[in-house]
1. Over region 211-291, what portion of Cα pair distances is larger than 17 Å, expressed as a whole percent?
2. Roughly how many Å² is the accessible area per residue of the chain, as a whole number, for a 1.4 Å probe?
3. Give, in nm to one decimal, the length gained when the segment between N297 and E56 is fully stretched (0.36 nm per residue of separation minus the Cα-Cα distance).
4. Put +1 on the Cβ of each Lys and Arg and -1 on the Cβ of each Asp and Glu in region 1-134; which of I70, T34, N90 then has its Cα farthest toward the positive end of the dipole?
5. Throw me the Rg/Rh for region 117-221, computed over C-alpha atoms with Kirkwood Rh, two decimals.
6. Counting C-alpha atoms alone, how compact is region 66-186: give Rg to one decimal and Dmax as a whole number, in angstrom.
7. Lys/Arg Cβ at +1, Asp/Glu Cβ at -1, dipole of the chain taken about the Cα centre: which of S158, F258, F130 is farthest positive-ward?
8. Once R0 is set to 51 Å, what does the formula 1/(1 + (r/R0)^6) return for the Cβ-Cβ distance between A168 and F24, expressed as a FRET efficiency to the nearest 0.05?
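The values are calculated or read from the model by the stated rules, or taken from the named source; none is laboratory data. Please read these numbers as outputs of a predicted model, since none were measured by experiment. Cβ sites come from the backbone with ideal geometry, for glycine too, and all protein chains shown count toward neighbours. Just the protein is used for accessible areas: all its heavy atoms, side chains included, with ligands, DNA and RNA removed. Shrake-Rupley method; radii C 1.70, N 1.55, O 1.52, S 1.80 Å.
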Amino acid sequence: MTISKFVNNLLIVMTMLAFFAQLFIDFSTVNIATSIIVLCSGLSIVLYFRWTKALESHPLSSFAIFGFCITSIVGALWVQSASWTSVSENLRQPLVTFSMLGLYQSIAIVAHTFYRMGTNPIENEKLGLFRRVFDSLGVYDVPSASVLRIAGFFGLFSVLLAKVFPVANGLSFLVWSPFLIPVYSLQIGKEYCNMKMNYLFLAFHTAAVVFLAMFFNSRGVLLYGFATVALLLFLNAMRSQKNITAALLFRVLGVLFFGIALSFPARDLVQAMAVARAQRAHVSPMTTIKNTIENFNNPEKLE
């Protein structure tokens, strides 16, 4: 079984289990009808990827539709079922809400189908002038690990300058460039770089990002990069045609358990930064860091 097929099956199983959980959580007509709508919407996007080559030919636009489904529709079913709460809770008109969201998703899938039909790549198609120029300049080449590390340094420097020169904030996204190194290493293999050395570099780089996030009390700096890299890895998994092996499965489970374990202190750190934000305008950045650490070590205040 390929990795993409495994992920697709996993999404189907998760959605079905979440739906069956709703039957025991709240068997009211409204909640069951709402759950059925969400189930159909969730399965439709998963099966769309299973029965077509949308992810292979148009990965970014396909992932955008998938992201809409997760954040607006089926994600609610997963989270509510995991917390043993009805999916219709706290909604005044759950049937109307999820019916409209399901309709929007259906329109997006149909539009995407016609978009794919009109933009399928033609074999031996000649590149346009600009693409030939960019190709000759190496814009489409895979960046080396050293280039990504240097880009990460410029990203850190841009974050430092952003408070003085707001224009520099436009380059702050580069702070997460080094986290593409493991992604390229998975795609290309061991010949891409020495991952042991780069994992050590990523540990120091992450510490620097966390320090800057606390220094400026900016939760976005801390969270956006992690979320982006995680989504990129997930997109690669959804498209990968490599066969899944027991060793790979254990590695993925190890990463998942590590991520789950790390999410708890990360959640507390983000909450501690939010508590410290109230005094940010009246104290120095170093005092903000001190307050954040004190809040982090005070579970009662976080609660």
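1. Percentage above 17 Å: 59.
2. Roughly 62 Å² per residue, with all protein chains present.
3. Stretched fully, the N297-E56 segment lengthens by 82.1 nm.
4. Farthest towards the positive pole: I70.
5. The Rg/Rh ratio comes out at 1.10.
6. Cα radius of gyration and Dmax of region 66-186 are 22.1, 57 Å respectively.
7. The listed residue farthest towards the positive side: F130.
8. 0.45
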